[in-house]
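See structure below.
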Amino acid sequence: MVQDPKGRGEPGFDKHVFICGHQRAPENPRESCNAKNSLEVIRTLKIMTKKAGLNEVRVQKSGCLDFCDNGISCVIYPEATWYTLDGSQEQLTRILEEHLKNGIIVENALMNISTDSGE
Ligand code: FES
């Protein structure tokens, strides 16, 4: 058995945050989270979790999560909570303080998918 360099006894994290960093070519008509500044959001949340000492929270860039029009797409496991990030410091602070520290879902950041076809 290989010794974990961080001293962990089993794989996994208390919370695993995936934020889409996907970028499309400029001529592609579909939206992408990268174009909404998702890489900066990822970087900021990583710094915030580290400063908060949340060593059991992992924030990382994902590929396209396939809810592009509702992005910046973010999903947090194990709850499988989907958020639409607006890139604001205020929203990231709420997600950190409420969800990542205390397991409280940030209701007004939840991703809302419209099933209305507009007809
Ligand atoms: S580009 Fe981000 S969810 Fe598809």
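Give the calculated FRET efficiency between Lys51 and Asn28 to the nearest 0.05, with a Förster radius of 35 Å applied to their Cβ-Cβ distance. Don't jump to the answer; show the numbers that get you there.
Numbers: r = 36 Å, r/R0 = 1.02.
E between Lys51 and Asn28, to the nearest 0.05, is 0.45.
Compute the FRET efficiency between Leu110 and Lys6 as 1/(1 + (r/R0)^6), taking r as their Cβ-Cβ distance and R0 = 25 Å, and round to the nearest 0.05. Write down the numbers at each step before the final one.
Numbers: r = 32 Å, r/R0 = 1.29.
According to the calculation, E is roughly 0.20.
Helix-only mean residue ellipticity at 222 nm, the chain, DSSP H runs n ≥ 4 weighted -39,500 (n - 2.57), per residue, nearest 500. What is it? Provide the component values of the computation, followed by the final result.
Working: 2 runs with 20 residues, N = 119.
Mean residue ellipticity at 222 nm (helix-derived): -5000 deg cm²/dmol.
Provide the per-residue ³J(HN,Hα) series for region 88-105, in order, calculated from phi with Karplus coefficients 6.51, -1.76, 1.60 and θ = phi - 60°, each as a whole number of Hz, with x at glycine and proline positions.
Each residue's phi maps through the Karplus curve to give 7, 4, 4, 5, 5, 5, 5, 5, 5, 5, 8, 7, 6, 8, 10, x, 9, 5 Hz.
Whose amide H sits under 5 Å from the amide H of Met111, counting only residues 5 or more places off or on another chain, with H placed in the peptide plane?
Those qualifying (amide H under 5 Å, at least 5 residues apart or on another chain) are Trp82, Tyr83, Thr84.
Across region 16-26, in residue order, what do the Karplus-derived ³J(HN,Hα) couplings come to in whole Hz, using 6.51 cos²θ - 1.76 cosθ + 1.60 with θ = phi - 60° and x for Gly and Pro?
Taking θ as phi minus 60°, the curve returns 10, 9, 10, 10, 5, x, 5, 10, 9, 4, x Hz for region 16-26.
Can you pull the Rg over Rh of region 15-109, Cα-only, Kirkwood? Intermediate values should be presented prior to the final figure.
Details: Rg = 12.8 Å, Rh = 13.2 Å.
Radius of gyration over Kirkwood radius for region 15-109 works out to 0.96.
Of Lys6/Lys50; Lys15/Lys50; Lys36/Lys101, which sit over 19 Å apart, Cα to Cα?
Working: Lys6/Lys50 15 Å; Lys15/Lys50 13 Å; Lys36/Lys101 26 Å.
Check vs 19 Å cut-off fails for Lys36/Lys101.
Expressed as a rounded percentage, what relative contact order does region 36-119 have, with Cα pairs under 8 Å and six or more residues apart? Show your work: numbers first, answer last.
Details: 70 pairs, mean separation 21.1, N = 84.
Answer for region 36-119 is 25 percent.
All of the numbers you see were taken from the coordinates with simple rules; none came from a lab. Being a predicted model, the structure only gives us computed values, none of them experimental. For neighbour counting, all protein chains shown are included, and Cβ atoms are generated from backbone atoms with ideal geometry for every residue, glycine included.
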